[in-house]
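Some notes on the structure that comes next.
Each value in this text was obtained by applying a stated rule to the coordinates, not by laboratory testing. Please read these numbers as outputs of a predicted model, since none were measured by experiment. Virtual Cβ from ideal backbone geometry, glycine too; neighbours counted across all protein chains shown.
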Amino acid sequence: MTTTGKVYGGAFEAQNHNNPRTIIGRWVPTDVAVLEVGPGDGVISRWLKEVKHCRTIGVEVVPEAVERMRTAFDHIIVGSIETDTVVAQARVHAPYDAIIFADVLEHLVDPWSVLRQMRPLLSSTGRVLVSVPNVAHLTARLNLLFGYFEYTDGYLMDRTHLRWFTHRSAKAMAHTTGYRVMAEATVYKPRLARFWPTLNGFQIVLNLAPA
């Protein structure tokens, strides 16, 4: 995800199964069409293009990110996925076998509307692959218990987040926008304390198919 002044990215850690990028990347089949929204520096799609030989289309709203992600995509659409113009441009390259929102939906004004608009862009076997932070993580609960709700630059309490999700509300969003949850995964923090996904899970990762 890209936000003003910061471009998210880094290396694709193919062996790190406690990473939303890796989980999403492994869910994408080989040699398919992929639309990635808010790709940051293109870390996921670059791996999909180079390793899985996918045709990749990117949607990015921050111009500074476009130059850094250019080699990851066969085509780039500059603008917000929440505008009709960008959705229309994305439709030109449809259908997609995978549409990726990796830590993006929480930055949108109306992620519900965006998910509904993506359904017609999917192929008959296409999936929407989503990761969102879990606002019910233990650290957030403890902060609220002691009266704190402090924004940070990045991570769970990123000051650019407009929406907040728990495991339950993330899946409810999928259902109300016309999807079935085909698979789900949890990214834990701390990594070794995997005792309670809704409490210790840091990110929620969903594999969605149209209902």
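Odds and ends about this structure:
- Sparsely packed loop sites in region 113-153 (the trypsin sites (Lys or Arg not before Pro) outside DSSP H, G, I, E and B with at most 16 other Cβ atoms within 10 Å) do not occur.
- Peptide packing: for 37-47, 92-102, 69-79, the average count of neighbouring Cβ atoms within 10 Å per residue gives the ranking 37-47, 92-102, 69-79, highest mean first.
- Taking amide H as placed 1.01 Å from N in the peptide plane, the amide H of ILE77 sits under 5 Å from that of GLY58, VAL59, GLU60, each at least 5 places away or on another chain.
- For the chain, a Kirkwood radius taken over Cα pairs fed into Stokes-Einstein (37 °C, viscosity 0.692 mPa s) yields D = 191 µm²/s.
- Extended-chain gain in nm, criterion 0.36 nm per residue less alpha-carbon gap, ALA211 and GLU82: 44.2 nm
- For GLN203, residues with placed amide H under 5 Å, excluding near neighbours: ASN134, VAL187
- Förster radius 25 Å - calculated FRET efficiency between ALA172 and THR139, Cβ distance, rounded to 0.05: 0.65
- Efficiency of FRET between GLU13 and GLU67 - r from beta-carbon atoms, R0 25 angstrom, step 0.05: 0.60
- Cα centre as origin, Lys/Arg/Asp/Glu Cβ charges: the chain dipole, Debye: 640
- The residues neighbouring SER80, those whose beta-carbon lies less than 14 Å from its own, together hold a net charge of -4 under the Lys/Arg +1, Asp/Glu -1 convention.
- Close amide H partners of PHE165, meaning residues 5 or more places away or on another chain with modelled amide H under 5 Å apart, are VAL135.
- Selection from ASN19, LEU35, GLY58, by position along the positive dipole direction of the chain (Cβ): ASN19
- Shape call, region 83-131: gyration tensor on alpha carbons, a/c limit 1.5: oblate
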